[in-house]
1. Suppose the filter is under 23 Å from P325 (Cα atoms), at pLDDT 95 or above, crowded, with 19+ Cβ neighbours inside 10 Å and of a type in the set (A, V, I, L, M); does I75 pass it?
2. In the stretch 129-143, how many residues are under 18 Å from A262 (Cβ atoms) and either surrounded by 11 or more Cβ atoms within 10 Å (Cβ to Cβ) or in contact (Cβ under 8 Å) with a residue 12 or more places away in the chain (or both)?
3. Within 16 Å of the chain's Cα centre (by Cα) and either open to solvent by 20 Å² or more (accessible area, probe 1.4 Å) or farther than 16 Å from T108 by Cα (or both): does that describe N294?
4. When the stretch 72-83 is examined, which residues are found to be among the β-branched types (V, I, T) and either farther than 29 Å from V300 by Cβ or without any contact (Cβ under 8 Å) to a residue 40 or more places away in the chain (or both)?
5. Evaluate the stretch 84-93: report whether one residue or more is small (G, A, S), open to solvent by 40 Å² or more (accessible area, probe 1.4 Å) and in contact (Cβ under 8 Å) with a residue 12 or more places away in the chain.
6. Out of the residues in the stretch 237-254 that are open to solvent by less than 20 Å² (accessible area, probe 1.4 Å) and either closer than 19 Å to T217 by Cα or among the polar types (S, T, N, Q) (or both), state the one that is farthest from the chain's Cα centre (by Cα).
7. If I ask for residues that are at negative phi and outside any helix (DSSP H, G or I), which ones from the stretch 90-119 would you list?
8. Of L111, L115, which residue is buried (at least 18 other Cβ atoms within 10 Å of the Cβ) and over 18 Å from R299 (Cβ atoms)?
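The values are calculated or read from the model by the stated rules, or taken from the named source; none is laboratory data. Everything numeric in this text was worked out from a predicted model, so none of it was measured. Positions of Cβ are backbone-derived with ideal geometry, glycine not excepted, and every protein chain shown enters the neighbour counts. Please note that ligands, DNA and RNA were not included when accessible areas were found on the heavy atoms of the full protein model with its side chains. Shrake-Rupley method; radii C 1.70, N 1.55, O 1.52, S 1.80 Å.
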Amino acid sequence: MAARKPKVIVTRKLPEPVEARMVELFDAELNAADAPMGREQLAEALAKADVLAPTITDRLDAELLDSAGPQLKLIANFGAGVDHIDVAAANARGITVTNTPGVLTDDTADLTMALMMAVSRRIVEGANTAQSGGFTGWSPTWMLGRRLGGKKLGIIGLGRIGQAVARRARAFGLEIHYHNRKPVSPRIAQELGATHWESLDQMLARVDIVSVHAPHTPATYHLLSARRLKLLQPHALVINTARGEIIDEAALAKMLREGDLAGAGLDVFEFEPRIDPKLLGLPNVVLLPHLGSNTIEARVAMGQKVIINIQTWLDGHRPPDRVIPAML
């Protein structure tokens, strides 16, 4: 008799090739409606699944994890960030947590550069003017932006994505500075021409553009606080493609509205999907709906990583992308 296929519950609709492979390999329960599961639905899924494949929209806290059945042994997250999962609580219950790192690095770095260009060169503002019929002809002084070349870029978090951004930024002639918990290796620093700042405050006061690439943890919540945002020069730009909670969004909106900062490009928000109304309509802000990993290639690769993590676990081995509390 063939062994029973594990019950895998997928909380959101995934790319068709990923879902097809999951149905082939597992007893997969898919979400055809692509609507986020409510808390009650998540509790029901946790109670009957051998493996849960959630996304960033599923908040799995300790209380909800208490509803998990004894058969649930793996949470195979579709995404690199796991701040929506209480990893310590899961581990305490004997549940392994995995994620999908690495595969969205280039796409997020590309989008980061796109936001830098869009804000510094007023691309969205200009496109809206042209689309609405407001373009009346070229002018020497109209809608002037700023070039990227020669500017100082301060990267908060020089991990995979931060390094990919640094490589792209160097091609645009930007000078690379960064703040990390610890310096990167001398080889990487030399390759990127990157200057390490032990003091985030000192770096912020000296750069022209800040790009956030740190994970959301208790230590990074409001890392860019109102106090730190005020250290930036008035011509500075703030770019965030990491997690919205890292920036005090209300303080950022106030400074942008009052002209204390030149601009911002945001792909993530503190209370996502809600966007602070004070950010809406500002001409010096480019807002995107969390598009960082929104490429076909990235999403399929993420799904493939989920499948590999599940299959490796089923084979009795440690999944390659296991997340442990000490990593966070």
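1. Considered against the rule, which asks whether it is under 23 Å from P325 (Cα atoms), at pLDDT 95 or above, crowded, with 19+ Cβ neighbours inside 10 Å and of a type in the set (A, V, I, L, M), I75 comes out as yes.
2. 2
3. yes
4. I75, the sole residue that qualifies.
5. Within the stretch 84-93, one or more residues are small (G, A, S), open to solvent by 40 Å² or more (accessible area, probe 1.4 Å) and in contact (Cβ under 8 Å) with a residue 12 or more places away in the chain.
6. Of everything passing the filter in the stretch 237-254, E249 is farthest from the chain's Cα centre (by Cα).
7. R93, I95, T96, V97, T98, N99, T100, P101, V103, L104
8. On inspection, the qualifying residue turns out to be L115.
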